[in-house]
């Protein structure tokens, strides 16, 4: 027959189970805190690796000018996920093996990175982490400068009472200068023929007009006026000779002009 446990042993058993559960909770919380990376956490004095350690750490520090900005800036890290930091905040990495790491800030439209330096002299694109070293990299941001004011417009020239200048006259075309041959022709014109024989040397002499038959008493000449008719015939003949002579002279001049060309 089994005896029931005494009240004292039952209390001790319950107390032991409670202490074991509490101990497990404390250990789990400590492990989570050790692996958590919080933006803006300030590393305690014991964060740097202890002497003789084979690891190191990288700390990212954010600063804005003017100070106190609530703008959050995103950082990329070659040794972990991206982190977000505002002015005055910093990020402490986990323990890292010695090697070369990089940190960079993603650009924002309204901010300009004016400085990004590491205290060991390494560039942010190649942070040389040594054994037991803690490297602090500081990023400084400022708003972009305001755009330059446009230059003031130039004052218009003062009005003047003087009338506008007259337009320049168009150049007149000058006649072609007279050639030497033309001047000689004007000064020494071709002499006019003196006689009808010179005007028309090729013309054959006209035969004398036949005598008009006489009719009735005194003949036709007497009937038509006698000497007046003969004079009229002579004038008509001379006029015809003049027309022929002028035609000959014009033909000679045209012929001479074509030979000169």
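Out of curiosity, is residue 74 exposed (fewer than 14 other Cβ atoms within 10 Å of the Cβ) and at pLDDT below 95? When the stated conditions are applied, residue 74 does not pass them. Among the residues here, residue 68 qualifies as in the same structural domain as residue 132 (by TED's automatic domain parsing) and modelled with pLDDT under 95.
Within segment 57-84, track down each residue that is within 20 Å of residue 122 (Cβ to Cβ), under 45 Å from the mean Cα position of the chain (by Cα) and in a loop (DSSP other than H, G, I, E, B). Passing the criteria: only 78. Checked against (1) in contact with a strand residue (DSSP E or B) (Cβ under 7 Å, 6 or more places away or on another chain); (2) assigned to a loop (DSSP other than H, G, I, E, B); (3) touching a residue at least 40 places away in the same chain (Cβ under 8 Å), residue 87 meets all criteria but (3). Within segment 95-107, if we keep just the residues that are loosely packed, with under 14 Cβ neighbours inside 10 Å and farther than 15 Å from residue 57 by Cα, the residue that is nearest to the chain's Cα centre (by Cα) turns out to be 107. Scanning segment 113-132 for residues that are farther than 13 Å from residue 101 by Cα, crowded, with 16+ Cβ neighbours inside 10 Å and over 37 Å from the mean Cα position of the chain (by Cα) yields one hit, 132.
The values are calculated or read from the model by the stated rules, or taken from the named source; none is laboratory data. Worth saying up front: this structure is predicted, and the values here are computed from it rather than measured. Methodologically, a virtual Cβ is constructed for each residue, glycine included, from the backbone with ideal geometry; neighbour enumeration extends over all protein chains shown.
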